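Input: a single structure, listed below in structure tokens.
The values are calculated or read from the model by the stated rules, or taken from the named source; none is laboratory data. Quick caveat: nothing in here was measured; it's all calculated off a predicted structure. So basically every Cβ, Gly included, is an ideal-geometry build from the backbone, and we count neighbours across all protein chains shown. The protein model used for the area step is the full one, side chains on, heavy atoms only, and it has no ligands, DNA or RNA in it. Shrake-Rupley method; radii C 1.70, N 1.55, O 1.52, S 1.80 Å.
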Amino acid sequence: MGLGGTIEYFSDLFGSNHKHKAKKQLQTVELKVRMDCEGCERKVKKVLSSMKGVKSVKVDLKQQKVTVTGHVDPNKVLKKAQSTGKKSEFWPYVPYSLVAHPYAAQAYDKKAPSGYVRNTEAVSDARQESKQEDQITNIFNDENPNSCSVM
């Protein structure tokens, strides 16, 4: 590679006409898909494996879990799974050992596979917001003996 080739390489690298297409990262998307039989399993696996960028599709009929690995967008995978007519959602469970209070009312789910409980992060955030609103409105409550007496 001579001087001309080096200059050309750097001009392409830093030039405005150089368009570098960003590649999606390898992701693992876990879905909960309601499947009744092996036919449903085959249908879901066929549709998801036909997507562009999918490397592998693993279906666990017993847990109602589908794991898709590849260079894909999680929302597109969910939409594609829903297009089969099966009820689909992102995998809502986390391993039992990752939750501080696994038998709390928000976390415990009878339908969860063994060793898993419902992910409670989203539930706890919503409860904290509503708890704060209750505290603010309770300040001006007539039944509260410590309430504001300005009113």
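Points to keep in mind about this one:
- Search result, residues across the stretch 38-66 that are in a loop (DSSP other than H, G, I, E, B), farther than 26 Å from P95 by Cβ and open to solvent by less than 60 Å² (accessible area, probe 1.4 Å): M51, G53
- The set of residues from the stretch 74-107 being closer than 12 Å to E30 by Cα and not aromatic (F, W, Y) comprises P74, N75, V77, L78, A81, S88, E89, P92, V94.
- Subset tally (residues that are open to solvent by 80 Å² or more (accessible area, probe 1.4 Å), of a type in the set (A, V, I, L, M) and in a helix (DSSP H, G or I)) for the stretch 67-106: 1
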